[in-house]
Amino acid sequence: MTERPKGGARRPSAPHGDGRAADDRSRPPRPHALHRYGQNHLVDGNILRAIVKQAAVGPDDVVLEVGAADGQLTRPLLERARLVHAFEIDHRYASRLSKLAGEHPNLSVHPGDALKQDLAALDPPPTAMVANLAYNIAIPLIMTTIAGLPQLSRWAVMVQKELGDRLFAAPSTKAYAAVSVLAQLACRREEVRAVPPAAFRPQPRVDSSFITFVRRAAGEGATVAAGEAPPISGEQYAAMDQLVRLAFGQRRKVLTNTLAGAARAGVTLSRDDVRWALDDLGLSPAARPEELAPPQWLLFARRIGWS
């Protein structure tokens with residue numbers, strides 16, 4: 001299980017210098033952490049057990065794990081899941097994972113970079129993602145799986161606290177960004193557990209969060225909480241992805257300037273189109289991207305004929 005702290009910075013080593021969980025001396029030491037992978041292994045056994053419980057993997061789940069390392073998280077997942085697709089980019093763990101696969105027929109090992117793989121081709125397709133994610137791939141991987149793996153309905157991931165906050169940030173806050181809108185259009189957050197640097201070896205210079213969130217089902221619109229957008233189709237989501245990223249690409253500018261001239265399906269938006277849509281939603285013509293909540297983004301897209 002690997003994690004890359006932002007910028008690759010690290011604190012001095014934590015106790016249990018071999019990188020094993022504090023209460024586990026049955027396996028050989030891990031290879032030393034590589035700077036280019038920014039490896040940070042969870043060494044707190046109590047936290048490991050807590051996050052496995054929070055992940056809530058069941059016997060029908062097919063799990064996607066990215067950064068399996070020597071299988072510390074993989075093992076308890078194998079006891080609970082139908083199958084685990086385990087990705088690991090560090091070839092030094094290949095023999096350990098191969099041995100583990102030999103002992104567990106419900107483990108499928110995938111060497112290499114998960115972001116460069118065709119995750120949609122995994123068979124059987126993942127229904128849950130449980131992983132201690134490298135900081136520099138966390139957001140791209142989460143967004144890729146939301147958009148590209150429709151059968152994946154649950155995420156239980158360790159990320160840098162700042163990134164976890166950003167996914168479910170509120171409008172008009174510093175953390176609110178395109179990924180906030182896109183994550184909340186598709187998913188709702190369930191639980192967040194703070195994880196301190198001392199839980200890892202080596203220690204990152206930032207705090208982490210273990211966050212669980214689920215995809216909102218197509219029939220959930222009638223019971224969606226106040227302030228949440230109803231679930232949308234994959235085609236709608238792709239359109240929203242394009243629109244929201246375009247708008248937040250110049251988040252300091254007002255939407256009437258940012259989106260004027262944007263085109264979709266042969267229709268080019270004018271400033272008046274954008275201004276009318278904002279007015280229809282009761283928003284200022286000088287509104288900026290961070291002022292619209294996810295449900296408003298969905299309504300706005302419909303008003304301008306984008307989705």
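The values are calculated or read from the model by the stated rules, or taken from the named source; none is laboratory data. Note that the coordinates shown come from a computational prediction; the quantities given were computed from them, not determined experimentally. FYI the Cβ positions are ideal-geometry reconstructions off the backbone, even for glycines, and counts take in every protein chain you see.
Scanning the stretch 167-190 for residues that are free of Cβ contacts under 8 Å to residues at least 40 places away in the same chain and either within 27 Å of residue 74 (Cα to Cα) or touching a strand residue (DSSP E or B) at 6+ places or on another chain (Cβ under 6 Å) (or both) yields 189, 190. In the stretch 116-127, the condition of being in a strand (DSSP E or B) and modelled with pLDDT of 95 or more is met by no residue.
Of all residues in the stretch 96-119, those satisfying the criterion of being within 18 Å of the chain's Cα centre (by Cα) and over 16 Å from residue 63 (Cβ atoms) are 113, 115, 116, 118. Taking only the stretch 275-296 into account, find how many residues are more than 18 Å from residue 252 (Cβ to Cβ) and in a helix (DSSP H, G or I). Residues flagged as more than 18 Å from residue 252 (Cβ to Cβ) and in a helix (DSSP H, G or I) within the stretch 275-296 amount to 8. Starting from residues that are surrounded by fewer than 24 Cβ atoms within 10 Å (Cβ to Cβ) and among the polar types (S, T, N, Q), keep the ones in the stretch 36-75 and report whichever is farthest from residue 140 (Cα to Cα). My answer is 46.
For every residue, the table says whether it meets (1) touching a Lys or Arg at 6+ places or on another chain (Cβ under 6 Å); (2) farther than 29 Å from residue 176 by Cβ; (3) crowded, with 16+ Cβ neighbours inside 10 Å; (4) of a type outside the set (Lys, Arg).
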{"residue": "96", "(1), (2), (3), (4)": "no, yes, yes, no"}
{"residue": "100", "(1), (2), (3), (4)": "no, yes, yes, yes"}
{"residue": "103", "(1), (2), (3), (4)": "no, yes, no, yes"}
{"residue": "106", "(1), (2), (3), (4)": "no, yes, no, yes"}
{"residue": "113", "(1), (2), (3), (4)": "no, yes, no, yes"}
{"residue": "122", "(1), (2), (3), (4)": "no, yes, yes, yes"}
{"residue": "129", "(1), (2), (3), (4)": "no, no, yes, yes"}
{"residue": "137", "(1), (2), (3), (4)": "no, no, yes, yes"}
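Among the residues making up the stretch 96-128, a single one is touching a helix residue (DSSP H, G or I) at 6+ places or on another chain (Cβ under 6 Å) and touching a residue at least 40 places away in the same chain (Cβ under 8 Å): 109. Just one of the listed residues (247, 238) is of a type in the set (Gly, Ala, Ser), closer than 14 Å to residue 297 by Cα, in a helix (DSSP H, G or I) and under 20 Å from the mean Cα position of the chain (by Cα), namely 238.
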